[in-house]
1. Taking the square root of 5 times each eigenvalue of the Cα gyration tensor, what semi-axes in Å does the equivalent ellipsoid of the stretch 10-146 have, largest first?
2. List the trypsin sites (Lys or Arg not before Pro) in the stretch 63-101 that DSSP assigns to loop (not H, G, I, E or B) and whose Cβ has at most 14 other Cβ atoms within 10 Å. Which are they?
3. Over the Cα atoms of the stretch 183-326, what is the Rg over Rh ratio if Rh follows Kirkwood?
4. Could you give the length gained on full extension between ARG32 and LEU296, defined as 0.36 nm per residue of separation minus the Cα-Cα distance, in nm?
5. Apply the Debye scattering formula to the stretch 29-103, with a single equal point scatterer on each alpha-carbon and no solvent, then give log10 I(q)/I(0) at q = 0.13, 0.18, 0.23, 0.24 Å⁻¹.
6. What is the spin-label model distance, in nm, from SER54 to ARG320 if the labels are put 7 Å beyond Cα along the C-beta direction?
7. Using the basic label-point model (7 angstrom from Cα toward the beta carbon), what is the ARG191 to ASP84 distance in nanometres?
8. Which order do the peptides 121-132, 265-276 come out in when sorted by mean C-beta neighbours inside 10 angstrom, highest first?
Amino acid sequence: MSRKKVLVYRQLPPEQLERIRREHEVVEANPRLPEQRRAFFDALPEAQGMIGSSYPVDAAMLAQAPRLEVISSISVGVDKFELDALARRGIVLCHTPGVLTETVADLLFALILGTSRRLVELACHVRDGRWTESVGDDLFGWDVHGKTLGIVGYGRIGHALARRAALGFGMPVLYHTRRPVDSGLPEGAARAAALDELLARSDFVALVLPLTPQTQGLIGPREFALMKPGAILVNGARGPIVQEEALLRALDGGRLRAAGLDVFDVEPLPPDSPLRTHPKVLPLPHVGSATHETRLAMSVLAVDNLLAALGGGRPPAVYRLPPAAG
Ligand SMILES: NC(=O)C1=CN([C@@H]2O[C@H](COP(=O)(O)OP(=O)(O)OC[C@H]3O[C@@H](n4cnc5c(N)ncnc54)[C@H](OP(=O)(O)O)[C@@H]3O)[C@@H](O)[C@H]2O)C=CC1
Ligand SMILES: O=CC(=O)O
C-alpha cells in the first residue's frame, strides 16, 4: 500500500502517532500555535488525511487541500466542520462517539452536584481561612436527590446522564429530542417532553445536544423565562446553544440559581468575560472527556478511523448526518 500524507493538527500520544508513521508520512502542525500555523497551511496542498480537533475546517480551507480524502476528528461533536463542503468534495469525516459517553456524563453530574451543593464556593471558604465556625444557611446548598432533571438532547450522553440521575439519585427525568426515543430506563423513571414543558418543570436543565444551525441560540430570553425560578442550567454541549447575554440576565435577575458551564461561545473563555468570575457560575475549561483513560481511547479510535479510511477499509466511526426529523 502506498504511503500517504497525513497532517496531524493536535498532539497525539506517542504510540498513536507511531501507528500512523508506520504506514504514512506525517506532518505535525497545530494551527492554533502561531509558530506552527505556517507549517499547517504549507502541508494542506499535499495532505490526504488529517487528524485533530477544535479548529474550524471550512470550504476555504478545504480548497487549499485538493488531495484530502479523510478527516478524523478527535471529538464526537462535528460542529467545527462545514459538513456541506466536506460532502461536496466526498471527504470522509470520522469522529469518536461512544468512547467518551460515560466520562462526559460523569462530568455533567459533577456540575449538577457542584452547583447545587456549592462545592467550589465552599472549598474556597475553607482555603481562604474563613471556616472559623459552622457554616450558616447563607452557605447551605440545595438537595439534588429527588429533584427533576430535564435533559435536552437524549442521545448517548443524555441516556448515560439519565441513568445516573434516575437510578443513582432518584431523580425524575424529562427528556427532549426531535424524534421519539426510548428512555432506556425502568417504566416511570423518565418520559419525553416538549422543550417548553421540560423547561417549566425541571429543577435542573442539562444540555447535551449538538450545535447545529437549528440549535444555535436555542436557549434565550423566552426559554429562561419559562424555566422554574431557582432552576440550575448545566451546559455540557456547546456554548452557542445558549445566548450568553440572556444567561447573564437570568443569573443576575434571579431566575437561575446557578449555571454549570463546560462550554462557552468563545473558548478559551476571554479574560474579560463576566462568566469567568460570576458568583453563580461554575465554569470549566471544556473538559467533559478530559480523563487520561478517555482521551487515550479517543485518540486510539481516531487513529483507527484514519488508518482504515486511508487504507480503503471501513472506519469504525464515520460521521453521518441523522435523518431529517419528521
Ligand atoms: N463538554 C464536552 O466536553 C463534550 C460535549 N459533547 C457534546 O455533546 C453532544 C452530544 O453527544 P452525544 O450524546 O454523543 O450525541 P448523540 O448524537 O448520541 O445525541 C445527540 C442528541 O441530541 C438530539 N438533538 C439533535 N438535534 C436536536 C434538536 N434540534 N433539538 C433537540 N434535540 C436534538 C438528538 O436527537 P434527535 O436527532 O432525534 O433530535 C440526540 O438525542 C455532542 O454533539 C457535543 O456537542 C460531547 C462530548 C464532550
Ligand atoms: O466536546 C467534545 C467532543 O468530543 O465533542
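Bear in mind these aren't lab numbers, they're just calculated from the coordinates by the rules spelled out. Predicted model only: the values in this text are computed from it and were never measured. Cβ sites come from the backbone with ideal geometry, for glycine too, and all protein chains shown count toward neighbours.
1. On the way: eigenvalues 399, 63, 43 Å².
Rounded to whole Å, the semi-axes are 45, 18, 15.
2. Details: sites: ARG67, LYS80, ARG88, ARG89; in loops: ARG67, LYS80.
Qualifying residues, ordered by number: ARG67.
3. Numbers: Rg = 18.3 Å, Rh = 17.5 Å.
My calculation of the ratio gives 1.04.
4. 92.9 nm
5. Taking Cα atoms of the stretch 29-103 as identical point scatterers yields -0.38, -0.71, -1.09, -1.16.
6. Calculated label separation equals 3.1 nm.
7. So the label points at ARG191 and ASP84 sit 4.0 nm apart.
8. Details: 121-132: 11.2, 265-276: 12.8.
Peptide ranking by packing, descending: 265-276, 121-132.
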